[in-house]
Amino acid sequence: MSRKIHIMPPELANKIAAGEVVQRPASVVKELVENSIDAGATKITVIVKDAGKELIQVIDNGEGMSEEDAVMAFRRHATSKIYKVDDLEKINTLGFRGEALASIAAVAQVELKTRPEDDELATFIKIENDEIKERTKGSFEKGTSITVKNLFFNTPARRHFLKTRQTELRNITDVIVRYALMYPNIEWRYISDDEELLNLKISTIQERIVALFGKKYSESLIEFRENTELLSVSGFLGKPDFSKKSRADQYVFLNGRYIYSKIINYAVYQAYEHLLETGSYPFFILFITIDPTKVDVNVHPSKHEVKFANESDIFRFIVSVVRRALASNDIIPQIKIQEGTAVQSFDSKITITPQTWNTKSFPTSSAQIYRIQTRQTDDISPRDTPGLIIGQQNDSQHTIQFQRQQSIESSTSLNSIIGRRIIEHSENTSTEERTIWQIHNKYIISQIKTGIMIIDQHVAHERILYERVLNNFKNSLPTTQQLLFPETIELHPSDYSLVKELIPELEKVGFAIKLFGKNTVVLEGIPADVRIGNERKILQEVLDEYKVNEQGGIKDVRDNLAKSFACKAAIKAGDRLTQQEMQILIDQLFATEMPYVCPHGRPVIIKIALEELDKRFGRT
Ligand code: ADP
Ligand code: MG
């Protein structure tokens, strides 16, 4: 069989190229809209029929094209945006490959109307199968209108590949929403089958977000901005309990272009770590500006993917920017009571800082409070948290000996927030005034400057213990209560091997465990936070929780163990707390890095503003 190499005819080459650039109606919309933006339009209208299969029309008021350019525009590799190889290094337009119009014209019937400001008459061109079918002059306002009809009429295979009408329309809407977000300085109209879906006036980005997503969004977002020599980032972050079950609401723009970047997404997730429940995703909008020579957007014809010259710098930068933005914001959920039902929303105007919860603002009753230091060393870091302690210390072993006596047991109803060493014996205040209440043995309510605050005692304690364990991992300074009577525990074989695997970490948490063989372990000590009498149970519960978390996708051993331990060792709903215990819990909570959210992402604190109460009681 003889073959002969030949250069493809342009129609064929264009059709092949079209396969990459124009995969579906939404890709046509994207290319046309990008051209309009590149043409400096301040008003863009997108009209679609039958989710773009029948018709896609994009009308802009941009710079338009001369007749000569209009004809050229449909040739492959025809572009006005770059001239030489060097230009590829510093692209500042959305298009540059000169492929879009040629590709679209290869798979649809295209009509172009265009007029630059200075020309009196507009150019009308009709193209089908890559051939100019009609070329006339007429009147048209300044700008360009491109109509794409019967997409893929000549490539039936592709037409069959299209998804349902709804899916294709959703894809188109996504494209428009992305660009409308990136360009609030452009007026957008979007009409589908004669129904106006969007009509967005030129506005600020904040107004644009509200117009696109609704008021609820704007209230739940944290705005941030940071500039460095390398790059500048600004944007909006969803507060943790505004998280989503899908990744849909994540927008990353790079130099004005919507992009998908694993690196950046991962950096954002990393920053949100521990603030979100597994399986939920943060809402975020990031606008990144970077020197165009530091990034390659020419990775794929769709230009969605990019490659950074210094990925790890970008990664670290994004993590730290997002972390800072989250940490510096009040992410306490606020309750707004509506029509008798509680609806959670956020209020970023009222900020409650840990200082508000300074111990001084909480007069305590006459019982004694012991302040303790958490480390053996003399330096007391600000994170070191106070706590209650009973029993005696044993300096040489970094441990505390506990007497398993009923009297000690009953001297506090909250052994689990017992701290480690007595270093200070705090002043007794004799004020009887109560500013903290426990309700239903479950929640702690307190007055704050702006209203009232409600704390879930279990998740609050969970947060405290979680951070304490993570600190133990970092500093290898566990605090163990040595048991006077070591417990021999027989475990399920799989639990036994799990313990074997986890022994170094379990020791850091504060467990002193010896493997005895035959699926038996001897528990010689337990973490200081664990209630005496619970030692056998706690180990099993921690192991069980660990396995559940592991199945749930928590890969990090330490994080998992910290979560499991915190969850199981924390005080429970139903545990009665004394005034001091509540006080200490609050103090410790606000000494944590993230007091507002539990390690699983549930809120720890909720506020009700005084104004809200006033409104409910008709005082306003
Ligand atoms: P690219 O955008 O990569 O340059 P296209 O095929 O999308 O390639 O467009 C080819 C050229 O046609 C552009 O470079 C531009 O000069 C011109 N063009 C396309 N659409 C418009 C428009 N809406 N307004 C003005 N000029 C346009
Ligand atoms: Mg283009």
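Table for the structure above
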| quantity | calculated |
| --- | --- |
| Any hit, the stretch 120-142, residues being modelled with pLDDT of 95 or more, closer than 15 Å to Leu32 by Cα and surrounded by 17 or more Cβ atoms within 10 Å (Cβ to Cβ) | no |
| Filter pass, Ser145 being of a type in the set (Gly, Ala, Ser), within 16 Å of ligand 1 (Cβ to nearest atom) and part of a strand (DSSP E or B) | yes |
| Set Leu561, Leu589: member being in a helix (DSSP H, G or I), modelled with pLDDT of 90 or more and touching a Lys or Arg at 6+ places or on another chain (Cβ under 7 Å) | Leu589 |
| Top-ranked residue of the stretch 21-45 - restricted to ones that are more than 13 Å from ligand 2 (Cβ to nearest atom), more than 14 Å from Trp188 (Cα to Cα) and not hydrophobic (A, V, I, L, M, F, W, C), ranked as least open to solvent (accessible area, probe 1.4 Å) | Pro25 |
| Pairs with Cβ under 9 Å, 6+ apart, first in the stretch 444-458 and farther than 13 Å from Tyr596 by Cα, second of a type in the set (Phe, Trp, Tyr) and part of a strand (DSSP E or B) | Ile444/Trp437; Ile445/Trp437; Ser446/Trp437 |
| Matching residues in the stretch 433-457 - criterion: being assigned to a loop (DSSP other than H, G, I, E, B) and either within 17 Å of Ala573 (Cα to Cα) or at pLDDT 90 or above (or both) | His440, Asn441, Lys442 |
| Restricting the stretch 108-129 to residues that are assigned to a strand (DSSP E or B) and among the hydrophobic types (A, V, I, L, M, F, W, C), the residue that is farthest from Thr147 (Cα to Cα) | Ala122 |
| Residue that is modelled with the highest pLDDT [pool: residues in the stretch 416-432 that are open to solvent by 10 Å² or more (accessible area, probe 1.4 Å) and in contact with a helix residue (DSSP H, G or I) (Cβ under 9 Å, 6 or more places away or on another chain)] | Ser426 |
| Residue match in the stretch 209-225 (condition: closer than 14 Å to Val177 by Cα and aromatic (Phe, Trp, Tyr)) | yes |
| Number of positions in the stretch 211-238 that are touching a residue at least 60 places away in the same chain (Cβ under 8 Å) and among the aromatic types (Phe, Trp, Tyr) | 2 |
| Residue in the stretch 163-192 that is surrounded by the fewest Cβ atoms within 10 Å (Cβ to Cβ), counting only those that are at pLDDT below 95 and part of a loop (DSSP other than H, G, I, E, B) | Thr164 |
| Given (1) assigned to a strand (DSSP E or B); (2) open to solvent by 70 Å² or more (accessible area, probe 1.4 Å), index of the condition His160 fails | (1) |
| Residues being in contact with a helix residue (DSSP H, G or I) (Cβ under 6 Å, 6 or more places away or on another chain) and surrounded by 14 or more Cβ atoms within 10 Å (Cβ to Cβ) - total across the stretch 602-620 | 3 |
| Selection from the stretch 539-568 of residues that are in contact with a Pro (Cβ under 8 Å, 6 or more places away or on another chain) and open to solvent by 10 Å² or more (accessible area, probe 1.4 Å) | Lys563, Cys567 |
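Yes/no per residue for (1) away from ligand 2 (no atom under 16 Å from the Cβ); (2) farther than 20 Å from Thr136 by Cβ; (3) open to solvent by less than 40 Å² (accessible area, probe 1.4 Å):
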{"site": "Lys84", "(1), (2), (3)": "yes, yes, no"}
{"site": "Thr93", "(1), (2), (3)": "no, yes, yes"}
{"site": "Gly98", "(1), (2), (3)": "no, yes, yes"}
{"site": "Ile104", "(1), (2), (3)": "no, yes, yes"}
{"site": "Gln109", "(1), (2), (3)": "yes, no, no"}
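The values are calculated or read from the model by the stated rules, or taken from the named source; none is laboratory data. All figures in this text were calculated on a predicted structure; none of them were measured in a lab. Note that each Cβ is placed from the backbone with ideal geometry, even for glycine, and that neighbours are counted across all protein chains shown. The protein model used for the area step is the full one, side chains on, heavy atoms only, and it has no ligands, DNA or RNA in it. Shrake-Rupley method; radii C 1.70, N 1.55, O 1.52, S 1.80 Å.
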